[in-house]
Amino acid sequence: MLPFLARRLLYAVPTLFAVSVIAFVIIQLPPGDYLTTLMADWAAQGGAVESGMVEAMRERYGLDQPIYVQYFKWMSGILLQGDFGMSFEYGRPVSELIWSRLGFSFLLAFLTLLFAWAIAVPIGILSAVRQYSVADYIATFIAFVFLALPNFVLALGMMYVMSAYFGQSVGGLFSAEYVDAPWSLARLWDFLKHVWLPVFAIGTGSLAALIRIMRANLLDELRKPYVTTARAKGLDEFRLLMRYPVRIALNPLISALGWILPAAVSMEILVSVVMSLPTTGPLLLRALLAQDMYLAGSLILLISVLTIIGTLISDILLALTDPRIRLQ
Amino acid sequence: MTRPQPPLLAVRNLQTFFPTRHGTFRAVDDVSFTLERGRTLAIVGESGSGKSVTARSILQIVDHPGRIEGGAIELAREDGTVTDLAKLDPRGREIRAIRGKEIAMIFQEPMSSLSPVHRVGDQIGEAVRLHRKVTRREERDRVLELLRQVEIPDPETAIDRYTFEFSGGMRQRVMIAMALACDPRVLIADEPTTALDVTTQAEILDLIRRLQDSHGMAVIFITHDMGVVAEIADEVLVMFRGKVRESGPVDAIFHAPQDGYTRDLIGSVVKLEQKAGARVRPALPPADQPPLLKVENMSLTFGNGKTAVDDVSLTLREGETLGIVGESGSGKTTMGRCLLRIYDPQQGRAEFRRADGRVEDVLSAGRHGLKSIRREMRMIFQDPVGSLSPRKTVGEIIAEPLKLAGIRGRACEEEVCHLMEQVGLPPAWRERYPHAFSGGQRQRIGIARAISVKPRLIIADEATSALDVSLRSQMLDLMMKLQDEMGLSYIFISHDMSVIRYMCDRVAVMYRGRIVETGETGQVIGAPQAPYTRALLSAIPNPDPRNPRLRARFRHVPEAALA
Amino acid sequence: MTDTSSPIDTAPRDPGAAELAVAGQWTLFWLRFRRHKLAVVSLVVVAALYLVAAFAQFIAPSDPNQTNARFTYAPPQAVQLFHEGRFAPHVDGLAMTVDRESMRRVFAPAPEKPVFIEFLAPSAPYRLLGFFTVETKLFGIAGARPGDSLFLFGADRLGRDIFSRVVHGAQISLSIGLVGVFLSLVLGVAIGGISGFFGGTVDVLIQRLIELLRSIPTIPLWMGLAAAIPVGWPPLKTYFFITLIVSLIGWTALAREVRGKFLSMRNEDFVTAARLDGMSEIGIIFVHLVPSFTSHIIATLTLAIPTMILAETALSFLGIGLQPPIISWGTLLQEAQNIRAVAQAPWLLFTPAAAIVLAVLALNFLGDGLRDAADPHGAIS
């Protein structure tokens, strides 16, 4: 287990490095450097810019130096001081803007995965065990429709139905009175009342994919000889199903986390924009549209890094549940 | 048997059918037999004979959508009660109480028949737990005892291991331990040794026999191997296409078979127990003529550090058939592939005497040299499915080497027809695709492709091992006919001593990458010199119940067989 | 594979086998595919959708960019087949009033003012498929009078016909799938081929790169790249850039597929046999390897098209992909970006959404059927 863990962690290092380079490239993509944008912005607002300050910032970000120095300065700022640069649109350090939103983003992604798993596993099992039954056809068809429906369209559609037919305005993660309130049972309840809709809208695609995977894997496993062996021991059908084929068919589902998580994070961004949730999605979109590149780059960097960490965790989970990976 | 007692297990007119799109497939059709206490019944037949479905019907574990359509399966108990298993609900409590407790079963593929993610001790323990009230401690003690009974070394460690950490023979021992968990009165063994090497097979057969004696179990042994039947069975049931062709005591089946199919089956096995009959073959060239192929000190080590071929030296004379025999992992296949440079050995020479008398080293030949050598030196593959492209017609497959040799158009077409006739296939079938052919026919196509460019040496890698026994001797006869017609030489790689004996002039025995013994086939088989050869030969079941071989077995490096 | 039949049985094993015996790979592929009824239906749907895209100008009754302030948010007009007992397809005209309170236009069907539909209606000349000049549309208003309207799927904020816009949007949305898949194919086959061909370090590096790209959430990455497209770029350039961005992820799946197939096929016995026959490596690739996995590649490509369509839709919806006046299903959905617009005119959301779902669903079913049919060991009968 330890060598596996060490190897896996070692693999993550170049990945993290590459992600940081990609984020940096995205920051550099728009024409002109950050300071010119900033000064143009300040000038447009009629503010005077002290020349000393510009010089200080030029120095701080190494803007007059070669590109790799700029990268190095940016990276070391993040790693050593937690300094992600300035957001010119908000006029505040990026680090002040992002953490709570990132928290909500990943809370949503996590809840979505939980939701998708909790629904997909039983439906997948049912679908496989009763292959070609009415239930199987319905589950399969719904899964395909969910795969075809863009999540943000689903979110919009649900919001429309909720407001047109149930007279409820939906959107956000809290009612107005709880947005800035400290956490309490009432606030948690309010949160739960709001969160199910985005979780559903984000999760359907992953849910459908997981149902398909679970069904296909379980169908494969059900044909394996060890099922016959267990049956010949005298095990009853339900315990047999749960203890052997389902147990083994769950492994690919765990490894599917590796790509379901990035997908959920992507979908979360889209749905958040539609439902104006206090997560990274709307912030990232606004930052990109306003070319507030340090904010946008930092968000992309952090979202990617957290996703990679999530993938790493799924790998470790898989190794814990599957001895073949752990021991070979 | 003085008092009138019903047989332990009586199967009467059993019918197990599989509904399919094209009607009902009668996998088991009107099968009856009885099994007495402590005896061994062998059910024998070729693939598709329904022997395995019969065995599974007893425990009602036939794969979906098969189901028992009629008949009775009566299990008699010590207290005189009799239960008809065929009447029980396949998912019900009653049949589950019998499975694993009164009747236990072991299967062919010990790897896939055990769960890869549960510890060995857990899987064996489950069988105990299901039928007895035991504490964790008692369960573990029982599992350790069972592991000791099946002679797994170091049971204290083995109990917490996973199946993929064991070898094939050890896995089958684990299966047996699991089956013995509740001291069943009947053990059904469904081809338990088919996936194993002969020396391991001998160990497992030994173990089953000893356990049978000590536990007083009755055994139903499903197999396609007549040698195994002769070694272990008391009674024999011969099946063909779902029906019983003949049943009776083992001696009568082997020495006085009544049914035509049984006679053919025994005949084809016995035929392979000796050298092929008289052949009209061109005289071998005088011994002083330089050999066709001379391999010296060839070695190959793979990237993972495993030495597959270790300092192998061989000679092959013109027109001769050299057998290479060895168990799985002995390096025989790799060695054959090295000779054709599918793999590149790191060391050694392989001097091939060309048609014009020049001698070339195959192992150091350049691209063009190799291309021309490969026209004289061809290969026949083991797997008749994988070795033919599913996307080409048979005509195209056979024509491919011809076209690459520059023969095209009408001449090529005619040659293909001629080749198909030569290997016994109607030339009219050349427009068909491989999927339309049976295994034996596909292997003929493979042979036609190999001989199409008039080679002088053919390396045949397990060319008959994917075929049923009745087809094997036909294929060997075909190869020998071609040898006589075309003056071919063969290097014939096989794990099966009987086909080697039937076919080969000389034989080389491989073990762990090395050649441990070479000699005239008769001599090696009659008076083996190397300890491994003796062990190998004495582990081969003898298809004659009057003269079992395994009981006086020579065991060489038992730890290797156990490892 | 063992033999269940008796030695050299010359009789075919079951009736009909004689035809199957000479059936080539593509015939078998088709036979296997045909068994998936849903996939066959999907094939028809996909073909129909691409035909609609190709002949959008002919099928759309009005110019998708023609605005009409009178008909802001006009609702869909349902087609009725009979008028006063005669077969005469028509829609009810629209009666418009202004709600004084909300200052909104309110439309009501006016059965007394039917608008009749004429097939192969004359129209202003336009160019079809880029080079035909045509003066006929599939259908239009018969004898149009001022105030007549034909909004099968309703109208948008500027009174443009949603039906015509969705039909025109199919051109961009469906073609972006094809072009994106083509780019992915080129990238995937080239990079996957390099990976499989060179092996060793190159292979490891490319595999790492693919893993990296797959572990990054795609939407933020696409957003970052798409946001860098200058606003002033011409539509065509934007279109290609967006396609490029979308296929930036798509190629990884293909490259894996190609490499995996390459590696597993390389060791198949029949490939070894061809090598021993003296066939060159290039010959083996084109005679044996490529035909062996073409069907798989086609299936994978088909399954990749919907992901491209969805990606374009998502980016355009966010306003960082294609921009109006380009019409795609994604830019159409931009109109429905906020819930107020949806509440007032739900057809803004549901019409393009239905088109997307139909296309993606059909392509997915088709791809699934193709994939099953591509398995050479699948049952045929």
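The values are calculated or read from the model by the stated rules, or taken from the named source; none is laboratory data. If you're wondering where the values come from, they're calculated on a predicted model, not measured in any experiment. Because the Cβ atoms are built from the backbone with ideal geometry, glycine has one as well, and the counts that use them run over all protein chains shown. Note: accessible area is taken over every heavy atom of the protein model, side chains too, but ligands, DNA and RNA are not part of it. Shrake-Rupley method; radii C 1.70, N 1.55, O 1.52, S 1.80 Å.
Where in region C:270-336 are there helices (runs of 4 or more DSSP H), lying fully within it, with 2 or more residues that are under 30 Å from B:ARG378 (Cβ atoms)?
C:281-284, C:290-318
Looking only at helices (runs of 4 or more DSSP H) that fall completely inside region B:120-187, which ones have 2 or more residues that are in contact (Cβ under 8 Å) with a residue 60 or more places away in the chain and within 14 Å of chain A (Cβ to nearest Cβ)?
Result: B:168-180.
Just to be sure, is B:ARG341 open to solvent by 30 Å² or more (accessible area, probe 1.4 Å), assigned to a loop (DSSP other than H, G, I, E, B) and at pLDDT 90 or above?
Yes.
Which one is farthest from the chain's Cα centre (by Cα), of the residues in region B:452-474 that are crowded, with 23+ Cβ neighbours inside 10 Å and closer than 22 Å to B:GLY395 by Cα?
Ranking the candidates gives B:SER452 first.
Out of the strands (runs of 3 or more DSSP E) lying entirely within region B:467-563, which hold 2 or more residues that are farther than 30 Å from B:ALA252 by Cβ and of a type in the set (S, T, N, Q)?
Ranges flagged: B:489-494.
Which ones in region C:321-350 are of a type outside the set (A, V, I, L, M) and surrounded by fewer than 18 Cβ atoms within 10 Å (Cβ to Cβ)?
If the condition is that a residue be of a type outside the set (A, V, I, L, M) and surrounded by fewer than 18 Cβ atoms within 10 Å (Cβ to Cβ), then C:GLN323, C:PRO324, C:PRO325, C:ASN338, C:ARG340, C:GLN344 are the ones that fit.
Just to verify a result, which residue in region A:265-280, among those that are farther than 21 Å from C:ARG214 by Cβ and within 10 Å of chain C (Cβ to nearest Cβ), is nearest to the chain's Cα centre (by Cα)?
A:VAL273
Is there a residue being within 14 Å of chain C (Cβ to nearest Cβ) and either over 21 Å from B:PRO192 (Cα atoms) or of a type in the set (Val, Ile, Thr) (or both) anywhere in region B:57-64?
No, that holds for no residue.
Based on what the data block shows, is B:THR34 in a strand (DSSP E or B), touching a Pro at 6+ places or on another chain (Cβ under 7 Å) and open to solvent by 50 Å² or more (accessible area, probe 1.4 Å)?
Yes; evaluated as a whole, the condition is true for this residue.
Does any residue of region A:46-64 turn out to be of a type outside the set (A, V, I, L, M, F, W, C), within 21 Å of A:LEU301 (Cβ to Cβ), part of a loop (DSSP other than H, G, I, E, B) and at pLDDT 65 or above?
Yes, some residue in region A:46-64 is of a type outside the set (A, V, I, L, M, F, W, C), within 21 Å of A:LEU301 (Cβ to Cβ), part of a loop (DSSP other than H, G, I, E, B) and at pLDDT 65 or above.
How many of the residues in region C:301-315 are in contact with a helix residue (DSSP H, G or I) (Cβ under 6 Å, 6 or more places away or on another chain), within 11 Å of chain A (Cβ to nearest Cβ) and either buried (at least 24 other Cβ atoms within 10 Å of the Cβ) or at pLDDT 85 or above (or both)?
Looking only at that region, the number is 7.
Take B:LEU388 and tell me if it is in a loop (DSSP other than H, G, I, E, B) and either of a type in the set (A, V, I, L, M, F, W, C) or surrounded by fewer than 24 Cβ atoms within 10 Å (Cβ to Cβ) (or both).
Here the answer is yes, as B:LEU388 does meet what is asked.
Looking only at region A:111-137, which residues are open to solvent by 60 Å² or more (accessible area, probe 1.4 Å) and within 14 Å of chain C (Cβ to nearest Cβ)?
A:TYR132, A:TYR137, listed by residue number.
Does A:ARG187 satisfy the condition of being open to solvent by less than 30 Å² (accessible area, probe 1.4 Å) and closer than 30 Å to A:MET162 by Cβ?
The answer is yes for A:ARG187.
Could you say whether any residue in region B:532-541 is touching a residue at least 40 places away in the same chain (Cβ under 8 Å), open to solvent by less than 10 Å² (accessible area, probe 1.4 Å) and of a type in the set (Ser, Thr, Tyr)?
The answer is no, given that none of the residues of region B:532-541 is touching a residue at least 40 places away in the same chain (Cβ under 8 Å), open to solvent by less than 10 Å² (accessible area, probe 1.4 Å) and of a type in the set (Ser, Thr, Tyr).
I need the full set of residues from region B:491-518 which are of a type in the set (Gly, Ala, Ser) and more than 16 Å from the chain's Cα centre (by Cα), in order please.
Within region B:491-518, B:ALA508, B:GLY513 meet the criteria.
How many residues are modelled with pLDDT under 90, more than 7 Å from chain C (Cβ to nearest Cβ) and touching a Gly at 6+ places or on another chain (Cβ under 7 Å) when one looks only at region B:362-392?
Adding up the residues that qualify gives 0.
Testing A:VAL199 on (1) under 17 Å from A:TRP117 (Cβ atoms); (2) in contact with an Asp or Glu (Cβ under 7 Å, 6 or more places away or on another chain); (3) away from chain C (no Cβ under 14 Å), one condition comes back false. Which one is that?
So the condition that A:VAL199 fails would be (2).
Under 9 Å between Cβ atoms, which residue pairs at least 6 apart in sequence (or on different chains) link something in region C:285-298 that is outside the structural domain of C:LEU178 (by TED's automatic domain parsing) with a partner that is basic (Lys, Arg) and surrounded by fewer than 16 Cβ atoms within 10 Å (Cβ to Cβ)?
none
What single numbered condition from (1) within 27 Å of C:VAL357 (Cβ to Cβ); (2) open to solvent by less than 60 Å² (accessible area, probe 1.4 Å); (3) of a type in the set (A, V, I, L, M) fails to hold for C:LEU51?
It is condition (2) that C:LEU51 fails.
List every residue pair whose Cβ atoms sit under 9 Å apart, with the two residues 6 or more apart in sequence or on different chains, where the first one lies in region C:341-358 and is free of Cβ contacts under 8 Å to residues at least 60 places away in the same chain and the second, anywhere, is open to solvent by less than 20 Å² (accessible area, probe 1.4 Å) and in a loop (DSSP other than H, G, I, E, B).
Hits for this filter: C:VAL342/C:ALA336; C:PRO346/C:GLY154; C:PRO346/C:ALA336; C:LEU349/C:ALA336; C:PHE350/C:ALA336; C:ALA353/A:PRO150; C:ALA353/C:ALA336; C:VAL357/A:PRO150.
Inspect all residues belonging to region A:173-182 and state whether any of them is assigned to a loop (DSSP other than H, G, I, E, B), farther than 26 Å from C:ARG214 by Cα, open to solvent by 30 Å² or more (accessible area, probe 1.4 Å) and in contact with a Ser or Thr (Cβ under 9 Å, 6 or more places away or on another chain).
No, that holds for no residue.
Could you please find all residues in region B:81-119 being in a helix (DSSP H, G or I) and more than 9 Å from every other protein chain (Cβ to nearest Cβ)?
Once the filter is applied, which keeps residues that are in a helix (DSSP H, G or I) and more than 9 Å from every other protein chain (Cβ to nearest Cβ), region B:81-119 yields B:LEU85, B:ALA86, B:LYS87, B:GLU94.
Taking region B:27-42, which residues are away from every other protein chain (no Cβ under 14 Å) and touching a Gly at 6+ places or on another chain (Cβ under 9 Å)?
Within region B:27-42, B:VAL28, B:ASP29, B:ASP30, B:VAL31, B:SER32, B:ARG37, B:GLY38 qualify.
Collect the residues in region C:333-370 that are more than 7 Å from chain A (Cβ to nearest Cβ) and among the polar types (S, T, N, Q), keeping them in residue-number order.
Correct list: C:GLN334, C:GLN337, C:ASN338, C:GLN344, C:THR351.
Given (1) out of contact with any Leu (no Cβ under 6 Å at 6 or more places or on another chain); (2) farther than 30 Å from A:ARG223 by Cβ; (3) facing another protein chain (nearest Cβ under 10 Å), identify the lone condition not met by A:ARG326.
(2)
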